[in-house]
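Remarks on the structure that follows.
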Amino acid sequence: MLKIFNTLTDRLEEFQPLEGNLVRMYACGPTVYAFAHIGNFRTFVFEDVFKRFLRFKGYKIKHVMNITDVDDKTIRDSKAQDPIRLKEYTDQFTAAFFEDCDQLQIDRPDVISHATTHIPEMIQLILRLKEKGFTYEKEGSVYFSIARFANYGRLSKLNVDGILAGASVDVDEYEKQDARDFVLWKAAKPGEPFWESPFGPGRPGWHIECSAMSLKYLGETFDLHCGAIDLIFPHHENEIAQSEAATGKPFVRYWVHGEHLIVNGEKMSKSKGNFFTLRDLLQRGIDPLAIRYTLASVPYRRKLNFTNDALHQAESSLKRLQELQLRLSTDNFPTGRNEIFSARTLLALQQFEQALDDDLNTAQALAVIFDLVRESNIHMASGEFRDENAALLLEILEKMNQVLRFWRPVQLDLDQQIQLLIEQRNQARREKNFALADEIRGKILELGYLIEDTREGIRWKKC
Ligand SMILES: [Zn+2]
């Protein structure tokens, strides 16, 4: 049984979706004003491992992600004066974001919803809140009155006593100590993009989009909402307020938040020169899968210290895994099965699942994998490893890889396959195992190639 830490209840809970084996999942997407940095990708990789693990456990997932393409930052950096210009600016970063996700093997959500294409849904939701008396208007902007919502502060454990009644905040991001009535609809400012609405021309506040979209695609109550811890306040607190005030129902059952990433022990910042986008690292020739490995190797609730050493370690760990896979796919093992090692391999899969069942303990899951790798190498060296062991081990490693996506399946092209078979045949001939040599020649023939032994060595041609 999967246990996961729920920020809302502040404890580990057994995960059980509301409806059969369908998990309805929402994850806050990127704000597309710049290239995403590796801290952002730590969160997206954690969510991806979570999602793939749920799939591994037999769940079906409906995964929704928003793209914030209108907010304070997109408007500030684009300097756009109208929605069309704003979209031109944000589109390039949306495309870049998904290219980066592909590099990191992050699975696409089932629904990707842009804020700017959901303005009517947001307006509808604000109207619903207005009808129920949760809002007030001031100088063309609409605010959510947090004093009217009794549960405000439950997620972030905010003490609302000292909060000034009736004071409001217009910016999208602010600290806990500045908790105020937050803005749902912002009155248009001169020179900024705006949309028409029943409240007058303006644009949505940042928080309303996630409530409107999750309501539309996942229903009034859904299973899982993920994000980075810095979204707990105010963003997720405000999502709960907007959604629950409108529907009168619990919004999300499990809130799961990923910790921050630091670089060389320090908070990442442009001024310190330790700020990296994924693109910065790829330009240095770093394997994206080693980056994924590094990001996922620390359990999501622990701070991750991103260092060059960690990247190098990831690269060498991946190399060990890939070498093993290559041997398993290409070596000739004696036929049959070593029962003890078969049982050992199956046990590893169980231990892998138990590790991730324990609040997604990825570090433990990796320890299980590398114990298995080490023992496989020992068994191979002892000659006790058989062809059925190789097949089983490959299958188990592939199952693990469906969750972690750290390595690429070994795929040899035809040329490499034949080269490898020829080497194996030479080895067999040197060992005077002519039966095996003939068998390998047969395999090469099956691939459509004929080999000839000539005085200059071996030639092969298409037959
Ligand atoms: Zn959100």
| request: Starting from the Cα of Lys138, draw a straight line to each of the aspartates and glutamates and keep only those under 15 Å, dropping any in the same chain fewer than 8 residues away. | output: Asp170, Asp181
| note | The whole-number value in µm²/s of the Stokes-Einstein translational diffusion coefficient for the chain, with Rh from the Kirkwood sum over alpha carbon pairs at 25 °C and 0.890 mPa s, is 97 µm²/s
| Computed over region 127-188: relative contact order in percent, which uses C-alpha pairs under 8 Å that are six or more apart | 36 percent
| remark: To the nearest 10 degrees, the tilt of helix 308-330 (Cα long axis) against the first principal axis of the alpha carbons of the chain is 40 degrees
| How much accessible surface does Phe53 have with a 1.4 Å probe, in Å² rounded to 10? | 0 Å²
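Decide, for region 249-329, between rounded, prolate and oblate: order the square roots of the alpha carbon gyration tensor eigenvalues as a ≥ b ≥ c, take rounded if a/c falls under 1.5, and otherwise choose prolate if a/b is larger than b/c, else oblate. Intermediate values should be presented prior to the final figure.
Working: a/c = 2.42, a/b = 1.26, b/c = 1.92.
Oblate shape, in that a/c is at least 1.5 and b/c is the bigger or equal ratio.
If Lys270, Lys57 are ordered by their accessible area, calculated over protein heavy atoms with a 1.4 Å probe, which sequence runs from highest to lowest? Please list the in-between numbers first.
Details: Lys270 150, Lys57 55 Å².
Largest accessible area first, the residues go Lys270, Lys57.
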| task | May I ask for the equivalent-ellipsoid semi-axes of region 76-170, computed as the square root of five times each C-alpha gyration tensor eigenvalue and listed largest first in whole Å? | result | 33, 20, 15
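Over the chain, what relative contact order in percent results from Cα pairs under 8 Å that are six or more residues apart?
Dividing the mean separation by the residue count of the chain yields 16 percent.
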| query | How far is helix 339-357 tilted off the main Cα axis of the chain, in degrees rounded to 10, range 0 to 90? | reply | 10 degrees
| message | Beyond a 19 Å Cα-Cα separation, which of these cross-linked pairs lie in this structure: Lys130/Lys186; Lys216/Lys249; Lys189/Lys216? | response | Lys189/Lys216
| field | Cβ-defined net charge surrounding Ala355, 12 Å radius [Lys, Arg +1; Asp, Glu -1] | value | -4
| said: At 1.4 Å probe size, what's the solvent-accessible area of Ser316? Round to the nearest 10 Å². | reply: 70 Å²
| task | Return a whole-number percent for the relative contact order of region 155-303, with Cα pairs under 8 Å and 6 or more residues apart as the contact set. | result | 18 percent
| field | Crossing angle, helix 208-218 versus the chain [Cα axis fit, 0-90 degrees, rounded to tens] | value | 50 degrees
| task | Over 28 Å between C-alpha atoms is what I'm after, so list which of Lys157/Lys303; Lys79/Lys270; Lys62/Lys132; Lys60/Lys176 land there. | result | Lys62/Lys132; Lys60/Lys176
| task | Would you calculate a helix-derived [θ] at 222 nm for the chain, using -39,500 (n - 2.57) for each DSSP H run of n ≥ 4 and dividing by the full residue count, to the nearest 500? | result | -15000 deg cm²/dmol
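The values are calculated or read from the model by the stated rules, or taken from the named source; none is laboratory data. Remember, predicted model here, so these are calculated numbers, not experimental data. Glycine also receives a Cβ, built like all others from the backbone with ideal geometry; neighbour counts cover every protein chain displayed. All accessible areas refer to the heavy atoms of the entire protein, side chains included, with ligands and DNA or RNA removed. Shrake-Rupley method; radii C 1.70, N 1.55, O 1.52, S 1.80 Å.
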